[in-house]
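Read-outs throughout are calculated quantities, based only on the coordinates presented, and are distinct from any laboratory measurement. A quick note: this is a predicted structure, and the numbers were derived from the prediction, not measured. Glycine gets a Cβ as well: all are built from the backbone with ideal geometry, and neighbour counts include every protein chain shown.
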Amino acid sequence: MFGHHRNDKGRDDPDDLVLEPRDVTFDWSNLPTHWVPDEPLVTHTCNVLHLLLPAGERWFVDLFTRAVPLIKDDRLREDVLGFIGQETLHARSHQGVLDHWKTRGIDTDPYVAQIEWMFRAALGDRELPAKRREEWLIERLAIVAAIEHITATLGNWALNSPALDAAKADPTMLDLLRWHGAEEVVHRAVAFDLFTHLDGRYLHRARAMLTTAPIMLWLWVRGIAFLMRTDPELGGRVKPRWRHYFRASRRHLLPPAHQLVGQTLNYCRPSYHPSKEFSTGQAVAYLASSPAATAAAV
């Protein structure tokens, strides 16, 4: 198992899994604007990941790097260092999509600047006494643990989304989403275990999720609206509507709302641990067959 000192086995978790950063590359030169054909809302709902993750994952890396000296468990320290390596490459890979869009005249800088401001100003370091500074670090690690549960939920959905293949979604983008999703599933316990190691209070954990989930939903909805508005092929003529999302989710092209809400509430159970969710074996199997991951291993 990849948790640092837990005895409860997750679903088919290997005992000695090492978190390995994979130096993947993706060629976006043939990426269509609507990489799920005739599905701009599905495309842009997934595309919000590229807006949020580069800044968010750089923030994760900074926080985890600051937390390393506080870790007293050798296995957890090893997992955290592996997590840092994986998150660094996730940020770079999603940034590559933004860079590609810019060459095609799609400028995401206005929205991304707001995300970067949020992580810098609202969630960045503060001038505090030493003890309060450590508490502020742990508060933010609780937020990371909540976000990591959400991203693992999305990653698990991406690994189990054959409807996207049937819709002829761009294979390179699908590989990015599934490679990233698989690594989120594989390291899904690290942020939770780090928070538990340093603090672990249930009310702090639940509070972090109940504040983080609505903010993420708000950022996602704003991101979809921004992308639909700036999409050169739509020309501002198509506005996203909730009914469009529910229609797409019924066709299994997007995660269903009841699944997302259910997993958010699941995280708030006192007995929750990430190792009990999803399948590490499935994620590892995808990483063994992912075109980008296998090319990086050569």
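Around F226, what is the net charge, scoring Lys/Arg as +1 and Asp/Glu as -1 over all other residues with Cβ under 14 Å from its Cβ?
After counting each charged neighbour, the total is 0.
Only Cα pairs under 8 Å and at least 6 apart count here; give the relative contact order of region 193-298 as a rounded whole percent.
19 percent
Add -39500 (n - 2.57) for each DSSP H run of 4 or more in the chain, then divide by its residues: what number comes out at 222 nm, to the nearest 500 deg cm²/dmol?
Result for the chain, helices only: -21500 deg cm²/dmol.
What is the magnitude of the charge dipole of region 177-246 about its Cα centre, with +1 placed on the Cβ of each Lys and Arg, -1 on the Cβ of each Asp and Glu, and no other charges, expressed in debye to the nearest 20? Could you put the intermediate results ahead of the total?
On the way: 11 positive and 6 negative charges, 92 e Å.
In debye, rounded to 20, region 177-246 gives about 440.
Given bins 10 angstrom wide, list per bin the percent of all Cα-Cα distances in region 183-240, short to long.
P(r) over region 183-240, rounded to whole percents: 19, 28, 25, 18, 10, 0.
Where in region 34-139 are there trypsin sites (Lys or Arg not before Pro) that are in a DSSP coil and have at most 16 other Cβ atoms within 10 angstrom of their Cβ?
Taking region 34-139 and a limit of 16 other Cβ atoms within 10 Å, the loop trypsin sites (Lys or Arg not before Pro) found are K72, R104, R126.
Take every Cα-Cα distance within region 40-297, group them into 5 Å bins from 0 onward, and report for each bin the whole-number percent of pairs it holds.
Reading upward from the zero bin: 1, 6, 12, 17, 20, 18, 13, 8, 4, 1, 0, 0.
Please return the longest stretch of the chain lacking exposed loop sites, where GluC sites (Glu not before Pro) count only if DSSP places them in a loop and at most 14 other Cβ atoms lie within 10 Å.
1-126
Please state the shape class of region 148-278: rounded when a/c is under 1.5, otherwise prolate if a/b exceeds b/c and oblate if not, all from the C-alpha gyration tensor. Working shown, then result.
Values: a/c = 2.22, a/b = 1.64, b/c = 1.36.
Here region 148-278 falls in the prolate category.
As a footprinting exposure proxy, order D231, D38 by other Cβ within 10 Å, with the fewest listed first.
Going from least to most buried by this count: D38, D231.
Could you put S289, S275 in order, starting from the residue whose Cβ has the fewest other Cβ atoms within 10 Å? Show your work: numbers first, answer last.
Values: S289 11, S275 19.
The order, fewest Cβ neighbours first, is S289, S275.
Which value, in debye to the nearest 20, describes the size of the charge dipole of the chain about its Cα centre when Lys and Arg Cβ atoms bear +1, Asp and Glu Cβ atoms bear -1, and nothing else is charged?
Computed about the Cα centre, the dipole is about 1220 debye.
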